[in-house]
Each structure stands twice: as structure tokens, then as C-alpha cells.
1. Quick check on residue 185: is it outside the structural domain of residue 225 (by TED's automatic domain parsing), over 44 Å from the mean Cα position of the chain (by Cα) and surrounded by 10 or more Cβ atoms within 10 Å (Cβ to Cβ)?
2. Check 214, 201, 196 and return the single one that is surrounded by 14 or more Cβ atoms within 10 Å (Cβ to Cβ), in the same structural domain as residue 249 (by TED's automatic domain parsing) and within 27 Å of residue 262 (Cα to Cα).
3. I'd like to know if the stretch 210-218 contains one or more residues that are more than 21 Å from residue 255 (Cα to Cα) and more than 60 Å from the chain's Cα centre (by Cα).
């Protein structure tokens, strides 16, 4: 074994500064009763006789502490395991006979190495506390933010009217088909006056109730001419009903319309 590392300044090894009193490992051995870290500190300063400590009792009490902790603080249990292992190893080196030789360290060297390791462990703990107490990025301090991208949102807004739509449509039609002259074909119209004169001429010949289509002229009984003649005849019939010369009835909505001479209807009511 090489020479032990150079010693560091020994820190105060206080169990209360490391763990809470209720979490400390209290051991009861021959010649000592108290926290394990205190026993290690006393052994480091050679204030307790390590040779009189029972390793078996130390192992049993450590295992009982682990079962009681139930794995809630594995880091603390690991620290105590390291301490107990060092005490065990230190005692074994003191109890076993020294074989001699320059490569084997003595008790003083092992004590120096133990003190150096404990000092290094304490230094790492203090460094960890200082590190965790520093400001953290994105929690206490914030890095300069990256430039935010410019998001362009395009929305369509239509403000054209129906006139604009028809104008655009007509322009497209003109481009496609060219200019064309629109010729309006006037549909034939059967005048209401003609329909009234025809019905008045037929008043004496109307047998009881007759369909309104019987009063249409034969040449106006087909196609578009029929629609014009039927509309004019219906309007003329309403005028004659208003004047009391004709009676009109319809048995069902959108059903056939029947006409009857008012004079003949009066005679039938008298008889």
C-alpha cells in the first residue's frame, strides 16, 4: 500500500450537523454508547480503544437500524455503512498481527488515511450544500431568450357585393364567349278583358257547375299559352263573382275550380 494521502485540516465532525437526532444511528458497545459518527470521530482522534469494540454487536445494531429505517433514507444508511466498514477494517488491522514489510501500512498511517477520507467526505458535503444553494437556471436566473419567430396569420375578408360578383361573372363570360345580343322573346298573353268577355258570352250556356278550363279558348289550351289563358280566366272569374254574375267554388286546397251562372243558381234555389 502506498503512503497515505496528505492530511487535510480536520473539520468538526458533529452528528447533529449531518442528520437529525431522531435519524442518527445510536450504538451501545463495550466502553462506548452514542452515535456511530461520534465513535468514528473519537477513533480518528485516538480517544477510544478500537480493539475493545465488538464488530459483531456493531453489525447487529447496524442491521437493526436498517430494518427500522425501512429504506426511507438510503443515503444516510450508506454513510453509516461506510463508517462501520472503516471501523471494522481499522480494528482488523489493529488486532491482526503485522506481517512486516515496507508495503504494509501501520496503525498511524491507517488513522491518517481515515481522517483524510472523512475530511474529504465532509468537504464534498459542504460543496454539495453550497452548490444546491446557488441560483438555478430557469428558476432563479434566466438565460437570454431566443428571438421569437414572427407568426403571420392571413385571414380572408370578403367585401364584395352581389353587384361585384355579377360584374366579374359577366366579364368572364364576355371574355369566353364574346359579345352577344340578348333577344327577349315575348310570351303570348291572354288579356283579362278577353277572358271576361268570353265568360260573359257563355253565362247562359253554363250547365250547373263547370270546370274553369272549359272557358279557355281552344287555341290557348296548350303549353305556355294555356298558363296565360288560365291565369287571366281565373282573374276574370273573380271579377264576375265580385259583380254577382258568377259563383265559384273549390272543394279542396289546390283542387279543381268550378264556375256557375248566378242567375241559374238563383232559379234553382227558388224552384
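1. no
2. Values: 214 fails: surrounded by 14 or more Cβ atoms within 10 Å (Cβ to Cβ); 201 fails: surrounded by 14 or more Cβ atoms within 10 Å (Cβ to Cβ).
Result: 196 is the single residue among 214, 201, 196 that is surrounded by 14 or more Cβ atoms within 10 Å (Cβ to Cβ), in the same structural domain as residue 249 (by TED's automatic domain parsing) and within 27 Å of residue 262 (Cα to Cα).
3. Start the filter on the stretch 210-218 by keeping residues that are more than 21 Å from residue 255 (Cα to Cα), which leaves 217-218.
After this cut, where a residue has to be more than 60 Å from the chain's Cα centre (by Cα) as well, the list is 217-218.
Yes, there is a match, as at least one residue in the stretch 210-218 is more than 21 Å from residue 255 (Cα to Cα) and more than 60 Å from the chain's Cα centre (by Cα).
The values are calculated or read from the model by the stated rules, or taken from the named source; none is laboratory data. Treat the numbers as computed from the prediction; the structure is a model and nothing was measured. Neighbour counts run over all protein chains shown; Cβ positions are idealised from the backbone, glycine included.
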